[in-house]
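What follows is a short report on a single structure.
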Amino acid sequence: RAKEAGVNATLDDVLENPKNFRFVEIAPPQLPRSLDDVAIAVINGNYALEAGLEPARDALALERAEGNPYANVLVTTEGLAKDPRIQRLATLLTSAEVAAFIRSRYRGSVIPVRNS
């Protein structure tokens, strides 16, 4: 059974390479610039968007939204958790209006938490 490296995976976690691929570690912000020099790259969505790529259109594969551990979350201190400003921000971030903005602006490259 393959070792589960998760987000801490390194080249040392590659257990088999039957196709003899050559893996090159590149700093994530540099990945979009490397596309002309590599056969394939795994690029974080934020770096792809910053480089003018549209992941929903340009990617060969995308992570699933369901169960994805990389959702953005609103975090505050315990002392501010009940602050009306924080409560209002939480309400706005999960509103139908913000979900509509995200769908319109990012055309499937960023998925809103709220689907309505």
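Each value in this text was obtained by applying a stated rule to the coordinates, not by laboratory testing. As the structure is a prediction and not an experimental result, all values here were calculated from the model. Positions of Cβ are generated from backbone atoms using ideal geometry, with glycine treated the same way; all protein chains shown enter the neighbour counts.
Miscellaneous remarks
- Rounded FRET efficiency, nearest 0.05, which uses the C-beta distance separating Glu25 from Val98 and R0 of 30 Å: 0.25
- Reference-scaled alpha-carbon Rg (2.2 N^0.38 Å with N residues) for the chain: 1.37
- Taking the average, over residues, of other Cβ atoms within 10 Å as the packing measure, peptides 68-76, 26-34, 84-92, 105-113 rank 105-113, 26-34, 84-92, 68-76 from highest down.
- Protection proxy ranking, highest mean first, for peptides 42-52, 4-14: 42-52, 4-14, where packing is the per-residue count of other beta-carbon atoms within 10 Å, averaged.
- Phi-based couplings in Hz for the range 98-106 (Karplus 6.51, -1.76, 1.60; Gly and Pro marked x): 5, 4, 5, 4, 4, 4, 5, 6, 9
- Rounded to the nearest 10 degrees, the angle from helix 84-93 to the longest Cα principal axis of the chain is 50 degrees.
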